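So the structure is just underneath, and the comments pick up after that.
Rule-based calculations on the coordinates, nothing more; no lab input. Note that the structure is a prediction, hence the values are computed from the model and not measured. Virtual Cβ from ideal backbone geometry, glycine too; neighbours counted across all protein chains shown.
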Amino acid sequence: MSGLVQQSSAVLQAKQRFGIVGNAPALTAAVERTLRVAPIDLSVLVIGESGAGKEFFPKIIHAYSPRKHAKYIAVNCGAIPEGTIDSELFGHEKGSFTGAVASRKGYFEEADGGTIFLDEVAELPLTTQARLLRVLETGEFIKVGSSEVQKTNIRIVAATNVDMERAVAEGRFRQDLYYRLSTIQINIPPLRDRGNDIALLARKFAADFAERWHLPAISFSDDARNSLLRYRWPGNVRQLKNIVEQMALFEAGNTLDTDAVRHYLPAETSSLTPAIYNPSNDAYKRERDMMLSLIVNLQNRVDDLEKRLATAPQRPAETNLIGSHDIASHKLNKHSIKDLYHDEGSDTEVIDTPYYTNEEPEKPTPSSTPETLEEQERRAIADALARNNGHRKLAAAELHISQRTLYRKIKEYGLD
Ligand SMILES: Nc1ncnc2c1ncn2[C@@H]1O[C@H](COP(=O)(O)OP(=O)(O)OP(=O)(O)O)[C@@H](O)[C@H]1O
Ligand SMILES: [Mg+2]
């Protein structure tokens, strides 16, 4: 059969165990390569676009290695402030900096004998890169504020979605460390190159969300399926998951045709730069308006249903006709919309944006003071996060700030 490669039972098992959906040859090859290198104690660099599914691979490596009973620690190098990253990774001595009231073990000590996953490795500051190189070469490290050399035995799996050779050429990443980390590279293919996997994933996510929310499942017409296959998916599997999540909510029980699917897909630009990265593109606004009108429609239908229930004499008022999880039983104010989106297992982060509410909106009083710069900044960040479904990397790119700055601001403004 064209497009299908023979998959060993080990590959199929690993996919099943980790919930990896898809049979594209390049994805299968990545899993196969991962299984092959897992038992051998080498550093591995996982490369792939944002949202492509890189996070499965360090887990597979750890689980199929002799280190599987020791610790596995995942560190997002882009999320830790530059000032504390050395201390987080290597620990510190009491009194080594203001606030260091006690000594602390770092991840390299904690995970001794195990695996550390360095996600977004290109974000590591140069000083930390030097420490990391030393620990990789000699197994030695020194806690911040200490002079004592300690030993550790760690396997590193790193991941990145940036062009590392360019980062090296621009002096942002040490060449020696890059070579050291990338002894073995595993490339995760972008979703747009995975053909029918797109349909498989859409079906899987549709079924998952229907089950999670107790809603009738959505399905796709053949044409709709083809539209999904033709789309470029700049945000890869994460974007597909988010979009199917919206469809599962607003189209519950429907078979979506091409037009319905297109409604949910952000407009594609002619350049390779996806629309979601381009803040001057008004695709966001259109998408938001569309969401708003969908929610208003839904509210009207709920109101209508409520009226009909209230006037149905044959049913006692307390009869619960609609399951407590059913969308129709929610009063659609900002809280219930948030509840519907919020789920621990989902990587959609919910920003508490009042898309629509029955409550009378708070009108600014004539005496209200204009927004301060800080308020404006907070709002710009909250808006960017909402537009990007809470995805911080995309929001940072849109705001033209580093991810680290964005994480700091999110904390500062309590937008967590
Ligand atoms: N083949 C797949 N089957 C099922 N789910 C997948 C697959 N690939 C990715 N996902 C899901 O898509 C989401 C994004 O994947 P993941 O977090 O691994 O992306 P990533 O490559 O690490 O992106 P980033 O560079 O932005 O961190 C996750 O919820 C993940 O479970
Ligand atoms: Mg990731």
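General observations
- Shape call, segment 169-243: gyration tensor on alpha carbons, a/c limit 1.5: prolate
- Over 28 Å between alpha carbons, listed pairs Lys68/Lys143; Lys15/Lys143; Lys68/Lys241; Lys71/Lys94; Lys59/Lys105: Lys15/Lys143; Lys68/Lys241
- When peptides 37-43, 242-248, 130-136 are sorted by average Cβ neighbour count within 10 Å, with the highest value leading, the order is 242-248, 130-136, 37-43.
- Shape call, segment 80-228: gyration tensor on alpha carbons, a/c limit 1.5: prolate
- FRET efficiency, 1/(1 + (r/R0)^6) with R0 30 Å, evaluated for Ser402 and Glu165 via beta carbons: 0.90
- Whether segment 46-116 is rounded, prolate or oblate, judged on the alpha carbon gyration tensor where a/c under 1.5 counts as rounded: oblate
- Net length available on complete extension from Val149 to Leu373 is 76.0 nm, with 0.36 nm assigned per residue and the Cα-Cα distance removed.
- Taking 0.36 nm per residue of separation and subtracting the current Cα-Cα distance, fully stretching the chain between Asn226 and Asp41 would add 62.3 nm.
- Segment 32-156 - percent relative contact order, Cα under 8 Å, separation 6 or more: 27 percent
- Here Thr127 and Ala74 are evaluated by their C-beta separation; at R0 = 30 Å the FRET efficiency comes out at 0.85.
- Of the residues Asp119, Asp163, Asp383, the one with the fewest other Cβ atoms within 10 Å heads the list, and the complete ranking is Asp163, Asp383, Asp119.
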